[in-house]
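A short write-up of the structure that comes next.
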Amino acid sequence: MWELGVILGEPTGLSAKYWTSRVNAFDFGAAWSFQRDGQFHFHCDYLFHNYEFFQVDPGSLPIYFGIGGRVRFDDDDSRIGLRLVLGAEYLTDAYPMSVFFEIAPIVDFAPETEADLNGGLGIRYVF
């Protein structure tokens, strides 16, 4: 199952998710950082979902956590880093849509060590 949509926050852009099972998924983002003069950002995370933490009806509200990598491109300040992701996603029963919120502390390790933080609210079409 795929999800495709947008994320608004830091950074803002396209968001995609590919479910490999009911509890595991790959998350992708291609976005722009408006805090950093429009630098392009790409990330890929492997996520684990817990459906037991919040019980909602209708739909489901799993919390998720995971780890991944990101690359941020700029003419003179490109970086590679590690992301730790924590979020929640509401999956509706009535419509093929999901709404999510996530926060992701980042440690860039190249070309130098630096801490950063991503976060945002998004919506995706499920197909």
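Taken over segment 1-36, residues that are touching a His at 6+ places or on another chain (Cβ under 9 Å) and of a type in the set (Lys, Arg) amount to 1.
Scan segment 75-92 for residues that are out of contact with any Gly (no Cβ under 7 Å at 6 or more places or on another chain) and within 27 Å of Phe53 (Cβ to Cβ) and jot them down. Within segment 75-92, Leu84, Leu86, Gly87, Ala88, Glu89 qualify.
Within segment 93-127, restricting attention to residues that are modelled with pLDDT under 95 and either of a type in the set (A, V, I, L, M) or closer than 18 Å to His49 by Cβ (or both), the residue that is surrounded by the most Cβ atoms within 10 Å (Cβ to Cβ) is Ala110.
In the set Leu4, Leu8, only one residue is under 13 Å from the mean Cα position of the chain (by Cα), more than 18 Å from Ala88 (Cβ to Cβ) and aliphatic (A, V, I, L, M); that residue is Leu4.
Let's see how each residue does on (1) on the phi < 0 side of the Ramachandran plot; (2) surrounded by 19 or more Cβ atoms within 10 Å (Cβ to Cβ); (3) in contact (Cβ under 8 Å) with a residue 24 or more places away in the chain; (4) in a loop (DSSP other than H, G, I, E, B):
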site	(1), (2), (3), (4)
Phe26	yes, no, no, no
Phe40	yes, no, yes, no
Phe54	yes, no, yes, yes
Asp57	yes, no, no, yes
Asp75	yes, no, no, yes
Ile80	yes, no, yes, no
Leu86	yes, no, no, no
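Of the set (1) within 19 Å of Tyr18 (Cβ to Cβ); (2) under 12 Å from the mean Cα position of the chain (by Cα), all apply to Asn118 but (1). Can you name the residue in segment 59-73 that is aliphatic (A, V, I, L, M) and surrounded by 14 or more Cβ atoms within 10 Å (Cβ to Cβ) and, of all such residues, is nearest to Val126 (Cα to Cα)? The residue in question is Leu61. Which of the residues spanning segment 47-101 are among the charged types (D, E, K, R) and closer than 21 Å to Glu10 by Cβ? Answer for segment 47-101, where residues must be among the charged types (D, E, K, R) and closer than 21 Å to Glu10 by Cβ: Arg70, Arg72, Asp74, Asp75, Asp76, Asp77, Arg79, Arg83, Glu89.
The values are calculated or read from the model by the stated rules, or taken from the named source; none is laboratory data. The structure displayed is predicted, hence computed values, not measured ones. Note that each Cβ is placed from the backbone with ideal geometry, even for glycine, and that neighbours are counted across all protein chains shown.
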